[in-house]
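The values are calculated or read from the model by the stated rules, or taken from the named source; none is laboratory data. None of these values were measured; they are calculated from a predicted model. Cβ sites come from the backbone with ideal geometry, for glycine too, and all protein chains shown count toward neighbours. Surface accessibility is based on the protein's heavy atoms, side chains included, excluding ligands, DNA and RNA. Shrake-Rupley method; radii C 1.70, N 1.55, O 1.52, S 1.80 Å.
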Amino acid sequence: EEYWYYVTAVNKLYKKELWNGLRFPKGKLHEDEFAAHSILDRCRWVSCEGKALYMYVQREQSITSQKYSVRRLDGVEALCARVEYARCKRNCRVVADSLDKALNLLMEGYRRLGREKACRKVLKERRRLFNKTYIHVFFYKLGMKVRIKGMLAFMHPCIYTMFLGRLRKGKNEV
């Protein structure tokens, strides 16, 4: 189960056969989120090395170098697909973790882009996709935190933001 969490495409060596029939989607950010779970699920074993064996080069076109854009919401689509994949494999832990990660990406999108009229359509589509995915896995072992966060977001992103904002404010006052 643990191997599903190592989703970045960098720092890995793959057998060519693992990629048969799989490709990164064209034009999407978070492309590794779309494919990693399928690739790693095909592996008989995964070996991890703790040593830094090569350098990471950060390009100007890299997702980490760019200004936040609506394209970052591709990650919500990828993670919802991973939730469905894990649901079919009956992997409750990956379902819960991927759903939570998708929710965090979606809410970050609302926080950063919610006032931009040009982005509202994509935000609405991703929210609809998240809600559909959430309904499919509602009775899984999600954990109380993920279940409540999902319910709040399902109702409306503003309710989610307002509730969590008050919760955080209350923690800071204690």
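Ligands, DNA and RNA are left out, and with a 1.4 angstrom probe the accessible area of region 48-141 is 67 Å² per residue.
For region 26-70, what D do you get in µm² per second when you plug the Kirkwood radius from alpha-carbon pairs into Stokes-Einstein at 37 °C and 0.692 mPa s? D, rounded to a whole number, is 241 µm²/s. Each principal axis of the Cα cloud of the chain was evaluated for its coordinate range; sorted largest first, these ranges are 48, 39, 36 Å.
Ligands, DNA and RNA left out, the accessible area of the chain computed with a 1.4 Å probe is 56% carbon and sulfur. In the chain the longest region clear of GluC sites (Glu not before Pro) that are loop-assigned by DSSP and have at most 12 other C-beta atoms within 10 Å covers 117-174.
What shape does region 78-174 take by its C-alpha gyration tensor, where a ≥ b ≥ c are the square roots of the eigenvalues and a/c under 1.5 counts as rounded, a/b above b/c as prolate, and the rest as oblate? Oblate is the answer for region 78-174, as a/c is 1.5 or above yet b/c matches or exceeds a/b. Straight Cα distances below 15 angstrom link Lys132 to the aspartates and glutamates Glu77, Glu84, Asp100, with same-chain residues fewer than 8 positions distant left out. In plain terms, the bigger the Kirkwood radius, the slower the diffusion; for region 28-113, with that radius from Cα pairs, at 37 °C and 0.692 mPa s, Stokes-Einstein puts D at 224 µm²/s.
For region 62-108, the Cα-based Rg and Dmax, in that order, read 12.0, 37 Å. Counting 0.36 nm for each residue step from Lys145 to Leu53 and taking away their Cα separation leaves a gain of 29.4 nm. Starting from region 56-123, pick out the chymotrypsin sites (Phe, Trp or Tyr not before Pro) whose DSSP state is loop and whose Cβ has at most 10 other Cβ atoms within 10 Å. Loop-located and lightly packed - Tyr56.
Peptides 126-132, 138-144, 40-46, ordered by how many other C-beta atoms sit within 10 Å of their residues on average, highest first, read 126-132, 138-144, 40-46.
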